[in-house]
Amino acid sequence: MSIDSDPGEAPRLEFAFAIRVNFGNRTKVGKLPSGFTRGFTDAVGGEVAGPKLNGIVVPHSGGDWPSYWPNGAVEFKAQYLLQADDGTLIVVKNRGFRFATPEVTARMERLEPVDTSEYYMRLSPFFEAPVGPHDWLNRTVFVGNANRQADHSVFRFWQVV
């Protein structure tokens, strides 16, 4: 068996929507035996806006459970609810990574403003939507980036087509 060396046409990306998640307190639970430090941040609300989905982040419907790696990377595992403008509830499960130099990481930990060009933060969300007008989210691959601020983050998602 041989592998075809022709990669074919690369997938394209289409901007789908952005989610602004407003956060409550950012809490660090502490260092675990694995070497990670566990955190938690409550999703206290927000909004969804874009060409393919609009609505809100349902207040206090979940949050983010980051793992702070010993090498300075942060792995995100978030889960919360969205409510589309038509009332449909949608579960978002968002996984991603952030990495920056130790100096930039220290500024972020102090909740100082940091430009997105100073850190890497990429995401791979998936969604659980009921049968209906938003079930296309269930069978679509998305990638995203993020702009982290002191009290919120903006996640921008592109549909892989």
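Observations
- Whichever residue in the range 120-139 is closer than 18 Å to Ala18 by Cβ, free of Cβ contacts under 8 Å to residues at least 60 places away in the same chain and over 15 Å from the mean Cα position of the chain (by Cα) and, among such residues, is surrounded by the most Cβ atoms within 10 Å (Cβ to Cβ): Ala129
- Among residues that are hydroxyl-bearing (Ser, Thr, Tyr) and either under 14 Å from the mean Cα position of the chain (by Cα) or within 30 Å of Asp86 (Cβ to Cβ) (or both), Thr41 is included.
- Just one of (1) among the polar types (S, T, N, Q); (2) farther than 24 Å from Thr27 by Cβ; (3) assigned to a strand (DSSP E or B) fails for Ser117. It is (3).
- All conditions in (1) within 23 Å of Trp136 (Cβ to Cβ); (2) out of contact with any strand residue (DSSP E or B) (no Cβ under 7 Å at 6 or more places or on another chain); (3) free of Cβ contacts under 8 Å to residues at least 40 places away in the same chain; (4) of a type in the set (Val, Ile, Thr) hold for Thr105, with the sole exception of (1).
- Residue in the range 68-75 that is closer than 30 Å to Gly132 by Cα, at pLDDT 95 or above and surrounded by 13 or more Cβ atoms within 10 Å (Cβ to Cβ) present: no
- Identity of the residue in the range 38-54, of a type outside the set (Phe, Trp, Tyr) and touching a Ser or Thr at 6+ places or on another chain (Cβ under 8 Å), that ends up nearest to Lys28 (Cα to Cα): Gly39
- Applying the condition of being surrounded by 12 or more Cβ atoms within 10 Å (Cβ to Cβ) and farther than 18 Å from Tyr80 by Cα to the range 44-59 and asking which residue is nearest to the chain's Cα centre (by Cα) yields Gly50.
The values are calculated or read from the model by the stated rules, or taken from the named source; none is laboratory data. The model shown is predicted, which means the values in this text are computed figures rather than measured ones. Note: ideal-geometry Cβ built from the backbone for every residue, glycine included; neighbour counts use all protein chains shown.
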